[in-house]
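The values are calculated or read from the model by the stated rules, or taken from the named source; none is laboratory data. Not measured: the values here are computed from a predicted model. All Cβ positions, even for glycine, are placed from backbone atoms using ideal geometry, and neighbour counts span all protein chains on display. Side chains included, ligands, DNA and RNA excluded: accessible areas come from the protein's heavy atoms. Shrake-Rupley method; radii C 1.70, N 1.55, O 1.52, S 1.80 Å.
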Amino acid sequence: MEITDIKMRLPISQVLQHYGLKPDKNDRLLCPFHPDKTPSLQIYPKTNTFCCFSSNCTAGTGDQIQLIELMEKCNKHEALVKAASLVSAPSGPSPKSEPARLFIEANELEKAALMGKVFGYFKKSLPLTKKAVDYLQGRSIDYAQHEIGYNSGGLHGESKNHHLVASMEKCGLLKSLPVRGYSAWARDCVIFPLRNSEHKIVSLYGRSITNDSDQRHFYLHNREGLYPGYPKAATTRLILTESIIDAVSLLQQPEIITRYEILALYGTNGLTDEHSRAILSLKHLEEIILMLNGDEAGKAASAKHYHALRNLLPTIKITKVAVPEGEDVNSLLQTHDDPKILADLVEQRKGFSFSPAKEKPAPAEILSTPALPAIDTKLITTNPELLVYDNCELLITVLGGIKITGLDRMRITLKVEHKTKRALPVRHNLDLYNHPHTEQLVNKIAESFDTSTQTTAATIAQLTEALESYRAARIEHLQARPQTRPEMTPAETAAALSELKTPQLLKRINQRIAESGIIGEHINRLIAFIVFTSRKLPHPLHLMFLGTSGSGKTYLQEKVSELMPDEDKIEITQITENAFYYFRQDELKNKLLLIEDLDGAESSMYPLRELQSKRRISKTVTLKDSKGNLKTITLTVEGPVCVSGCTTREKIYEDNANRCLLLYIDGSKEQDRRIMDYQARMSAGAVDREQEQAVKHLLQNMQRVLKPVAVINPYAGHIRLPEQVFKPRRTMTLLLSFIEAITMLHQYQREVKRDGQHQPYIETTPDDIEAAFALLKDALFSKSDELTKATRGFLELLKVILQEQGRTSFTAREIREQLRINPNNLKRYLVELERYGYIKGSGNRYRGNYEYSIANVQEYEQLKTSIDQHLADILATIRNKGQ
């Protein structure tokens, strides 16, 4: 009896009468589901529904079935059984009797009889259909040896079979069309019978003979049964194939079927619960042989099924047949004259071997883990925002995917469709961990599609388990895994060491950097390379690239960072303040942290500064434990870390800039020409990209062989900064660390000494200090100049123009027209220069005759001369001491 029949034949008045409830003349009564003094339960006889209008009641609205659920305090299936018994029972309260059986689906005996009759028709049709015979012969299959049929799609059209139409539609063999007639399941397919444990045909499989790309395989909904059937109870060796066609190919080989039983899977993801139960029932089983396709999917499926089967049967031997690459069982049968090739391959089978890192847990470690849910692969996860679960009867779409946070809940939005019945989809938003939610969903699906609540509940349970496995896999995938340092070959190691032992190493490195594809920026690129190398030191340096928008600061940082090993750097586009505290404790240690634009990390400047200065950050937060008690924990992230970032706004990030070496991008016309020339050569194919990649790989390997050795600078006491340098304490620290970084680069050219604790170290030489002074001269100028680099560049250009024109004064309009400079930038430069006294103004601003003159034309040359002389004196003193 169907649900719709029950509802049509069981009025709600009869249900009320059965429970001794009598409505008044207005079809109202005291609600039996809450204390009720005035009638609040309204009955609607025409629609067989009810509604309780009391705010103190949870009954809500419903029909006669839901009324029985509430009265009996049972689930929907039990309520349907009770309703079925009330349809033919006498009215009025009566003692409980044996409940009637509720037939939600077709009777199993009737279904088996129908399948047997239909397949008999298909089997007779096969020899009469030339294209079906040709198809099987083309695949080297002798249909006379097997039970194979052919579905032309015309069975229901014959008058003698009209009595089967209703049953065929009920079982999914036919689907009524909206206008007229029927659409036949698996038309133009060869048909194979699927049998149950009693060897009765309970379902069918169709393989298209006209389509070999998509929609090739057809199964009836609620797929059940196995091919060629359940293995014999005495089976000792069982071969599993990827498809039914492969199983048929093996069944034709006498050498195989006399020693082995064959069982077909339903594709790479087709190891079903029924397969597992059938295999578990084999008491004498000794070996399972996986003979899947020789492609990547087949190999992956073999490994997956191996672990699943080993979990089920830990004592059974599991082996695999090495099917040649790109082949399957049936293709081997087609392309070889001697079909014994298949028997030979089976005899050459081998065991599975996995590396320890990939090996699955031993059976003893997983005894408490259910095995069957792990092999449910009906969940399609190609699109994380649109997960699809297909169990051949229901098509369930998880709209928006699932959240991977909050493991105590699984809130999802579902769209449920029946694959064969014409009915509107069911859409529902629920928490799968909430039992009332899932029960309501099961009832809604069962009612909408006239399916068994028990089967539907099982499907939802399987969906939940599949989503749990998917979420666990997503979480594991998102976990940052420790990066393994790639192993270098002896030849690569020798090449890297040879480079590091080259005389004039810094000049050689700069040349290699140019060969890697970095154009111009001769000083900046070498400084950046040395700073990035300092990540291995206890006190690394930090870098800030400065320049106007589009000047190439991000490009330079990116290109130099490509010369560092991938495992030693972390690239960040945007990061929030708290994100730094949630790195693992040692995740940032001795790493190069690259920030594409400091504007994207503006909110995290404070923890970034602390990480630069103190080389560790910590934060105390309050959390609830499993019992709901509040407790405090401290999140600690250890350094040291080398930080590099780009910005156009030096003044805004002044606190961070004080901790960094500042590199101002070359914006000259000469640099523009160099870059455009390289771009033209690249477009013309004149750039050897392979050579560039080889040089990058060499520089990366040089970084890998460098060791974080201790550095001692015996000349540090003689180094003094020029008096003009602002904030000399931090500048001195930067200079000394830069000298240490240069020394570390030369570690393979220096004698390794031992200190009092027998710890190894290398010493700085005067050449290291001279190289540091030469490279950082402009940086020291920047630290000694109260003007920003952009304003200083404008002032020096102004001096050149006035000297060339023989003038001592200028107007803002004249300079703007001559330099074609942005008015806002010009105004900013002039205001800053006038504020600091580098230029003087005279005249009336509002009458257009306001002129500027430079206060001291020689001031910058005097500053540079003073610093040059200071550095030369220091170097002379150091060299005299070293002699």
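Worth a mention:
- Members of the range 12-21 found to be open to solvent by 50 Å² or more (accessible area, probe 1.4 Å) and in contact (Cβ under 8 Å) with a residue 40 or more places away in the chain, listed by number: Gln17, Tyr19, Gly20
- Subset of the range 702-761 that is of a type in the set (Lys, Arg) and closer than 23 Å to Asn880 by Cα - its residue that is least open to solvent (accessible area, probe 1.4 Å): Arg750
- Within the range 47-83, considering residues that are part of a helix (DSSP H, G or I) and in contact with an Asp or Glu (Cβ under 9 Å, 6 or more places away or on another chain), the one surrounded by the fewest Cβ atoms within 10 Å (Cβ to Cβ): Glu72
- Subset of the range 406-438 that is exposed (fewer than 12 other Cβ atoms within 10 Å of the Cβ) and charged (D, E, K, R) - its residue that is farthest from Glu465 (Cα to Cα): Arg422
- Selection status of Asp36, among the acidic types (Asp, Glu) and open to solvent by 60 Å² or more (accessible area, probe 1.4 Å): no
- Scan of the range 570-596 for residues that are part of a loop (DSSP other than H, G, I, E, B), open to solvent by 40 Å² or more (accessible area, probe 1.4 Å) and touching a helix residue (DSSP H, G or I) at 6+ places or on another chain (Cβ under 7 Å), ordered by number: Thr573, Gln574, Thr576, Glu577, Asn590, Glu596
- Condition met for Asp5 (assigned to a helix (DSSP H, G or I) and either among the charged types (D, E, K, R) or in contact with a strand residue (DSSP E or B) (Cβ under 9 Å, 6 or more places away or on another chain) (or both)): yes
- Residue check, Ile318 in contact with a strand residue (DSSP E or B) (Cβ under 7 Å, 6 or more places away or on another chain), closer than 26 Å to Gln145 by Cβ and either open to solvent by 10 Å² or more (accessible area, probe 1.4 Å) or of a type outside the set (Lys, Arg) (or both): no
- Among the residues of the range 598-624, those identified as modelled with pLDDT under 80, open to solvent by 60 Å² or more (accessible area, probe 1.4 Å) and not in a strand (DSSP E or B) are Asp599, Glu602, Ser603.
- Residue match in the range 666-682 (condition: at pLDDT below 90, surrounded by 19 or more Cβ atoms within 10 Å (Cβ to Cβ) and of a type outside the set (Lys, Arg)): yes
- Subset of the range 167-180 that is part of a helix (DSSP H, G or I) and open to solvent by 70 Å² or more (accessible area, probe 1.4 Å) - its residue that is nearest to Thr129 (Cα to Cα): Glu169
- Test: residue in the range 470-477 that is part of a strand (DSSP E or B) and crowded, with 17+ Cβ neighbours inside 10 Å: no
- Residues of the range 490-520 satisfying the condition of being among the aliphatic types (A, V, I, L, M), open to solvent by less than 30 Å² (accessible area, probe 1.4 Å) and in a helix (DSSP H, G or I): Ala496, Leu500, Leu505, Leu506, Ile509, Ile513
- Some residue of the range 551-558 being modelled with pLDDT under 90, among the hydroxyl-bearing types (Ser, Thr, Tyr) and assigned to a loop (DSSP other than H, G, I, E, B): yes
- Filter pass, Ile527 being free of Cβ contacts under 8 Å to residues at least 40 places away in the same chain, in contact with a Leu (Cβ under 6 Å, 6 or more places away or on another chain) and of a type in the set (Val, Ile, Thr): no
- Top-ranked residue of the range 22-33 - restricted to ones that are touching a strand residue (DSSP E or B) at 6+ places or on another chain (Cβ under 6 Å) and within 22 Å of Glu72 (Cβ to Cβ), ranked as most open to solvent (accessible area, probe 1.4 Å): Pro23
- Thr241 open to solvent by less than 20 Å² (accessible area, probe 1.4 Å) and closer than 30 Å to Glu347 by Cβ: yes
- Of the candidates Leu526, Leu441, the single residue that is among the hydrophobic types (A, V, I, L, M, F, W, C), closer than 29 Å to Asp767 by Cβ, modelled with pLDDT of 90 or more and over 29 Å from the mean Cα position of the chain (by Cα) is Leu526.
- Only one of the numbered conditions (1) open to solvent by less than 60 Å² (accessible area, probe 1.4 Å); (2) within 20 Å of Thr236 (Cβ to Cβ); (3) at pLDDT 85 or above; (4) not aliphatic (A, V, I, L, M) is not met by Tyr266, and that is (2).
- Listing of helices (runs of 4 or more DSSP H) fully contained in the range 661-766 that carry 2 or more residues being under 37 Å from the mean Cα position of the chain (by Cα) and of a type outside the set (Ser, Thr, Tyr): 669-683, 689-705
- In the condition set (1) in a strand (DSSP E or B); (2) without any contact (Cβ under 8 Å) to a residue 60 or more places away in the chain; (3) crowded, with 16+ Cβ neighbours inside 10 Å, Ser183 is compliant with all but (3).
- Residues satisfying the stated conditions in the range 186-208, i.e. open to solvent by 30 Å² or more (accessible area, probe 1.4 Å) and touching a residue at least 12 places away in the same chain (Cβ under 8 Å): Arg187, Asp188, Asn196, Ser197, His199, Lys200
- Within the range 209-221, if we keep just the residues that are closer than 23 Å to Gly157 by Cβ and part of a loop (DSSP other than H, G, I, E, B), the residue that is least open to solvent (accessible area, probe 1.4 Å) turns out to be Leu220.
- Residue within the range 531-547 that is within 25 Å of the chain's Cα centre (by Cα) and open to solvent by 10 Å² or more (accessible area, probe 1.4 Å) present: no
- Among the residues of the range 244-257, those that are touching a residue at least 12 places away in the same chain (Cβ under 8 Å) and either open to solvent by 20 Å² or more (accessible area, probe 1.4 Å) or acidic (Asp, Glu) (or both) comprise Asp246, Leu251, Gln252, Glu255.
- Inter-residue pairs, beta-carbon under 6 Å, first more than 28 Å from Ala716 (Cβ to Cβ) and in the range 852-881, second open to solvent by less than 80 Å² (accessible area, probe 1.4 Å) and aromatic (Phe, Trp, Tyr), 6+ apart: Tyr852/Phe810; Ala855/Tyr838
- Helices (runs of 4 or more DSSP H) within the range 808-883 that include 3 or more residues over 22 Å from Arg792 (Cβ atoms): 859-882
- Scanning the range 269-304 for residues that are open to solvent by less than 30 Å² (accessible area, probe 1.4 Å), within 20 Å of Leu463 (Cα to Cα) and under 26 Å from the mean Cα position of the chain (by Cα) turns up Gly270, Leu271.
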